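Colleague: Got a structure for you, written out below as structure tokens; questions coming shortly.
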Amino acid sequence: MQDLVVLDWIEILEKIKAHATSDMGREAVMQTGPLKSREEAYESFQEISQATEVLNQGVRPFMTSLDLYSTWVSRLKKRAVLKTLEMKDVRSFCLEALALKEALHPVQNDWAQRIHGSLMKAEEPISAIDQILTPSGDIRSDASETLFRLFREKERLAREVQSTLDRLVRDHQMENVLQDKYVTTREGRWVLPVRSGMQHHLPGVIHGSSQTKQTVFIEPEKVIPSNNRLRQIEVEIL
């Protein structure tokens, strides 16, 4: 151990760690210890030399997605249904695997070809995920017949709720009660912004207030059933 201190071993590892692109990689660097024999050291230097050929192409592989790998892969092993955010993480992992494979492909040495051959075929899962998620990472409304139906119902109900709220304001001449002439949402439920102290003019459920306390957000009784169904649809979509 004293020999390692003399060699500034920890300082060397810290410098190497700074080039890692994931927490998993940084941890692996800091756990590096001396090899047991001259032969192992020679083999290690050979691998380092061959790996350097990849970097000499001017390509810098990144694997930042490894930091999220353990979360979704453990759920996959349990055959759990991945959440939307987890599917985005899987897609990022697959893209980085593809990029690494492309960086390794031109390098004709044993190390590069061995790593290249061990990498997953990522094209198929990327294609499957792209059929489910939009480029922005939301679930596609046409990902399945059930989802298509749910999205259509969600759009219809949202329009109906907004129309009901607009009609409620208009028919009851509530402009003086409202803080602003618009409908909004709180926790996924459509509400009206009512002046503080005027909430008794509008029967319904209070969903909080503004930071200034001048506005109270009320869900009128007439739209509660539709809002309930909208929330249920959102859960079914997820």
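The values are calculated or read from the model by the stated rules, or taken from the named source; none is laboratory data. These figures come from a predicted structure and were not determined experimentally. All Cβ positions, glycine included, derive from the backbone under ideal geometry; neighbour counts span all protein chains shown.
Colleague: One residue is enough: does region 127-146 have a residue meeting the conditions modelled with pLDDT of 85 or more, farther than 25 Å from E234 by Cβ and part of a helix (DSSP H, G or I)?
Modeller: Checking region 127-146: at least one residue is modelled with pLDDT of 85 or more, farther than 25 Å from E234 by Cβ and part of a helix (DSSP H, G or I).
Colleague: Give just the number: which of (1) in a loop (DSSP other than H, G, I, E, B); (2) touching a residue at least 24 places away in the same chain (Cβ under 8 Å) does L35 not satisfy?
Modeller: (2)
Colleague: Quick check: anything in region 83-95 within 19 Å of G25 (Cα to Cα), modelled with pLDDT of 90 or more, surrounded by fewer than 11 Cβ atoms within 10 Å (Cβ to Cβ) and among the polar types (S, T, N, Q)?
Modeller: First pass over region 83-95, keeping only residues within 19 Å of G25 (Cα to Cα): 89-90, 92-95.
Going one step further and asking which of them are modelled with pLDDT of 90 or more, we end up with 89-90, 92-95.
Within this subset, residues satisfying the condition of being surrounded by fewer than 11 Cβ atoms within 10 Å (Cβ to Cβ) are none.
No.
Colleague: Return yes when T64 is outside any helix (DSSP H, G or I), among the polar types (S, T, N, Q), over 27 Å from D8 (Cα atoms) and out of contact with any Pro (no Cβ under 8 Å at 6 or more places or on another chain) and no when it is not.
Modeller: yes
Colleague: For region 115-132, which residues satisfy the criterion of being without any contact (Cβ under 8 Å) to a residue 24 or more places away in the chain and among the hydrophobic types (A, V, I, L, M, F, W, C)?
Modeller: I115, L119, A128
Colleague: Ok, one more. Any idea how many residues of region 45-82 are loosely packed, with under 12 Cβ neighbours inside 10 Å, charged (D, E, K, R) and either outside the structural domain of L119 (by TED's automatic domain parsing) or closer than 20 Å to V29 by Cβ (or both)?
Modeller: Adding up the residues that qualify gives 1.
Colleague: Just to be sure before I move on: is G33 at pLDDT below 90, among the small types (G, A, S) and under 22 Å from A97 (Cβ atoms) in the structure I sent? Show your work before the answer.
Modeller: Values: at pLDDT below 90: yes; among the small types (G, A, S): yes; under 22 Å from A97 (Cβ atoms): no.
When the stated conditions are applied, G33 does not pass them.
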